[in-house]
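The values are calculated or read from the model by the stated rules, or taken from the named source; none is laboratory data. The structure presented is a predicted model; accordingly, all values stated were derived computationally and were not measured. Every residue, glycine among them, receives a Cβ derived from its backbone with ideal geometry; neighbour counts consider all protein chains shown. Note: areas computed on protein heavy atoms with side chains; ligands, DNA, RNA excluded. Shrake-Rupley method; radii C 1.70, N 1.55, O 1.52, S 1.80 Å.
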Amino acid sequence: MSAVGALVDTLGLVDHHCHGVVRTDLDRPAFEALLSEGGPPAPGMTNFDTPVGLAVRRHCAPLLDLEPHADPETYLARRAELGAAEVTRRLLGATGTAAYLVDTGWRGAELLTPEEIAAATGAGARHVVRLESVAEDLAARGVDPADFAARFADLLTETATQTRSVGVKSVAAYRVGLDFDPRPPAAEEVAAAAADWLNRPGVSRVDSPVLIRALLWTAVELGLPIQFHVAFGDADIRLHRTNPALLTDFIRAVPQQVPIMLLHCYPYQREASYLAAIYPHVYLDVGVSLNFVGPVRAAEVLAEAMEVAPFTKVLYSSDAFGLAELYHLGAHIFRRALGDLLTARVADGEWSAADAIRVARLLAAGNATRVYGLPEADG
Ligand SMILES: [Zn+2]
């Protein structure tokens with residue numbers, strides 16, 4: 001391995017977007033359902049027959065004291081024998097993550113909290129508040145539609161303050177697509193949309209374009225970095241409506257002191273790289289994409305994300321959800337992809353080793369530490 005590759009392997013990472021780890025032991029159907037954004041495999045098939053499935057057997061099995069390429073039955077039997085807590089300790093412990101920024105807004109009760117992740121790993125962990133979850137919490141508490149906008153702003157501020165959140169997250173891509181009207185909605189539009197939503201029986205998902213815009217513009221006022229889920233995701237998204245280029249007019253309208261973080265982006269990592277190159281407050285990662293394309297193709301995807309974006313704009317995330325394996329693979333695949341890419345630049349004579357190392361430090365932790373205002377020790 002090159003000197004640069006060896007250095008990349010030792011850098012502490014800031015995982016700027018991930019979720020919690022499941023707290024319970026998993027049987028095979030539950031494990032497989034979490035191994036794909038598509039959920040359970042089709043009848044007669046297995047989610048182990050995917051790039052990420054083979055990567056689990058190759059790279060996670062040795063951490064559970066198995067041979068590389070252990071078959072799925074052996075792997076899951078050993079996993080069950082060790083138990084969820086030990087598997088989490090081993091797999092997350094091997095990531096070399098210094099700090100996790102955890103989106104707590106989805107299926108939170110099933111997952112370890114940021115504080116529990118910190119306790120299990122010794123790493124730092126901070127909260128990222130999901131806008132839509134705060135709105136749904138507010139609906140559950142009960143709110144007059146005419147007061148929705150003001151009450152949401154108060155609850156968002158209160159939640160972010162109480163949890164010492166370092167950012168907010170939007171799933172507009174899932175709920176309405178990224179081709180929403182970029183302007184802040186008028187107060188009467190918000191009240192009418194809130195009435196329409198709140199008058200439905202029970203608490204339903206917030207899926208009104210007007211309300212999603214209201215949440216986003218409230219977040220802009222709050223001023224924390226806004227993470228956008230972009231592209232690659234589960235069956236809820238319409239892929240063609242999640243191209244980050246659709247956010248262009250919103251990006252132009254948001255003041256430049258509010259960072260906009262484009263998450264995952266696959267297969268639109270080149271569009272995201274372009275946006276990060278052009279707009280001072282836009283950043284990107286290829287987080288979950290690297291896990292799902294697997295170690296062999298990851299270097300190409302990361303290279304595309306880095307084609308035109310300044311090196312100060314590209315971040316690391318695992319976007320791991322649920323499975324401890326996804327945290328481990330996220331870090332492992334990112335390090336390998338980055339190490340291969342930088343090694344090739346130095347071998348070509350294009351970059352000095354010192355520049356390659358500086359870029360490695362920015363992507364691994366430096367950019368996230370700066371943008372989210374983390375203490376240096378976390379990075
Ligand atoms: Zn995520």
Study note, to complete from the structure: Nearest 10, in degrees from 0 to 90: the angle of helix 269-278 to the longest Cα principal axis of the chain is 60
Check your understanding: Which net charge results for the neighbourhood of Leu275, defined as the other residues with beta-carbon distances under 11 angstrom from its beta-carbon, given Lys and Arg at +1 and Asp and Glu at -1?
Key -> +2
Practice item. Springs between alpha-carbon atoms under 10 Å, Gaussian network over the chain: tell me which of Val296, Val87, Val176 tops the mean-square fluctuations. Key: Val296
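Calculate for the chain the 222 nm mean residue ellipticity that helices alone would give, adding -39,500 (n - 2.57) per DSSP H run of length 4 or more and normalising by residue count, nearest 500 deg cm²/dmol.
It comes out at -14000 deg cm²/dmol, rounded to the nearest 500.
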Check your understanding: Restricting the count to DSSP beta bridges whose residues both fall in the chain, what percent are antiparallel, rounded to a multiple of 5?
Key -> 5
Check your understanding: What's the angle, to the nearest 10 degrees (0 to 90), between helix 84-93's Cα axis and the longest principal axis of the chain?
Key -> 80
Check your understanding: How much length, in nm to one decimal, is gained on full extension between Thr46 and Ala33, taken as 0.36 nm per residue of separation minus their Cα-Cα distance?
Key -> 3.7 nm
**Study point:** Among Gly366, Gly233, Leu246 - extreme Cα towards positive end, dipole of the chain, charges at beta-carbon
**Key:** Gly366
Revision key, fill the gap. The percentage of the accessible area of the chain (probe 1.4 Å, all protein chains present) made up of carbon and sulfur atoms, to the nearest whole number, is 53
Point to revise | Choice from His264, His328, His69 showing the highest fluctuation, given a GNM over the chain with Cα pairs closer than 10 Å | key: His69
Exercise for review: Answer with one residue from Pro43, Leu26, Thr121: the one whose Cα lies farthest towards the positive end of the charge dipole of the chain, charges on Cβ with Lys, Arg +1 and Asp, Glu -1.
Suggested key: Thr121
Study note, to complete from the structure: With every protein chain kept in place and a 1.4 Å probe, region 168-289 has an accessible area per residue in Å² of 38
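Which trypsin sites (Lys or Arg not before Pro) from region 106-145 combine a DSSP loop assignment with at most 13 other Cβ atoms within 10 Å?
On the way: sites: Arg107, Arg126, Arg130, Arg141; in loops: Arg107.
In loop regions of region 106-145 (DSSP not H, G, I, E or B), the sparsely surrounded trypsin sites (Lys or Arg not before Pro) are Arg107.
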**Study point:** Protection proxy ranking of 142-154, 10-22 - average other beta-carbon atoms within 10 Å, highest first
**Key:** 10-22, 142-154
Review point. Where does the charge balance sit around Arg23 when Lys and Arg score +1, Asp and Glu -1, over other residues with C-beta under 10 Å from its C-beta?
Key: -3
Revision key, fill the gap. If the chain between Ala3 and Arg58 were fully extended at 0.36 nm per residue, the gain over the current Cα-Cα distance would be 17.4 nm
**Study point:** Longest site-free stretch - the chain; sites: GluC sites (Glu not before Pro), DSSP loop, at most 13 other Cβ within 10 Å
**Key:** 1-306
**Study point:** Helix 287-305 vs. the chain, principal-axis angle (Cα, 0 to 90°, nearest 10)
**Key:** 90
Exercise for review: Could you point to the residue in His281, Ala324, Ala61 farthest towards the positive end of the chain's charge dipole, with +1 and -1 charges on the Cβ of Lys/Arg and Asp/Glu respectively?
Suggested key: His281
